[in-house]
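Here the structure is laid out as structure tokens; the discussion comes afterwards.
The values are calculated or read from the model by the stated rules, or taken from the named source; none is laboratory data. These numbers were taken from a predicted model, which means no experiment stands behind them. All Cβ positions, glycine included, derive from the backbone under ideal geometry; neighbour counts span all protein chains shown.
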Amino acid sequence: MKANWIYPLMIVIASSSYGILSTIVKVAMQHGYTSSEAVTSQYVFGFLLALVLFIATQRTLPKLTKSDVFFLICAGVLTAFTGIVYGESLNYLPASLAVVMLFQFTWIGLFMDCIIKKRPPSRIELISLAFLLAGTILAAGIIDVDLSQIAWQGWVLGFAAAFSFAGFLQINARPVAGVTMIGRTFILSIVSLIVVSIFLSPEIIWNGQLTAGLWKFGLVLGLFGIILPILLFSVAAPKVGGGLVPILSAVELPVAIIVSVIVLKETLTAIQVGGIILVLIGMVLPSYFAARKRHKVSAPAE
């Protein structure tokens, strides 16, 4: 029974690592770097770390079908696209509202899975989504925010980030035969670095900023934004399934808030605490009922 919780736990850990990224970027900005430079450094060091792991463990990739290559390239593009458009949305949206827009990936990802598998959402999935959406609004603290002055570009970019992240989660739920988790991480890091270098700040690679101090932030961002989540998602997402992955990934929000409170000394209200609790409830419900169902099925045999 304990083994049934390993893969959901890996999804939670992977999502939690994403939750610390916004705080690290903000700290980098406090040291004089732009968000574009910080995000680019994330993908540079993500690639370098993936390259070291790849050389140390296998050095060669298996022969891939055209379908496998297509899915891996899509996963890498969506990884980069999410970082690019989410960062751009912060130019138009308050940080709290940008988080809420990104977290629309929970219901988008669930309905993507339903469309792909041609199934209706289960009752427990819909109940979980209700908890997640309500908790997200409360936890992000946007109740008192004036939305009338928000530019339409912010809404579009925020929704695009949510859609691309939901797509990334769905694609990573698809196993690729013969490709190890390190090989998959290496391929995705190459593709995402190429895409980010086209749209953000590739000049940091040759203008000396990386060696001048940006490397400290890039190393941490690359570890927690590329290596750890992609490795864990590659292993756990195919086991957990595309419907449950977006729900479990909602842990990113409370982690982001808690880390910002600890590191950036941001305030945490009672309403936000209540929102975090709702998010955690919504995240745990599907796994809890799935475990109960398995227990009932196995009980007669015991």
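Checking the stated criteria, residue 174 turns out to be in contact with a Phe, Trp or Tyr (Cβ under 7 Å, 6 or more places away or on another chain), in contact (Cβ under 8 Å) with a residue 40 or more places away in the chain and charged (D, E, K, R).
Checked against (1) outside any helix (DSSP H, G or I); (2) buried (at least 22 other Cβ atoms within 10 Å of the Cβ); (3) among the aromatic types (Phe, Trp, Tyr), residue 43 passes all but condition (1). Candidates 239, 265: the one that is among the basic types (Lys, Arg) and either buried (at least 23 other Cβ atoms within 10 Å of the Cβ) or touching a residue at least 24 places away in the same chain (Cβ under 8 Å) (or both) is 239.
Pairing each residue of segment 203-228 that is crowded, with 19+ Cβ neighbours inside 10 Å and part of a helix (DSSP H, G or I) with any residue that is of a type in the set (Asp, Glu) and at pLDDT below 90, provided the two are 6+ apart or on different chains, yields C-beta distances under 6 Å for 204/37.
Does segment 100-117 contain any residue that is loosely packed, with under 12 Cβ neighbours inside 10 Å, modelled with pLDDT under 85 and of a type outside the set (Gly, Ala, Ser)? Yes - at least one qualifying residue is present in segment 100-117. Restricting 159, 199, 186 to residues that are of a type in the set (A, V, I, L, M, F, W, C) and either surrounded by 18 or more Cβ atoms within 10 Å (Cβ to Cβ) or touching a strand residue (DSSP E or B) at 6+ places or on another chain (Cβ under 6 Å) (or both) narrows the list to 186. If you check 20, 13 for being surrounded by fewer than 19 Cβ atoms within 10 Å (Cβ to Cβ), farther than 27 Å from residue 149 by Cβ and in contact (Cβ under 8 Å) with a residue 24 or more places away in the chain, only one passes: 13.
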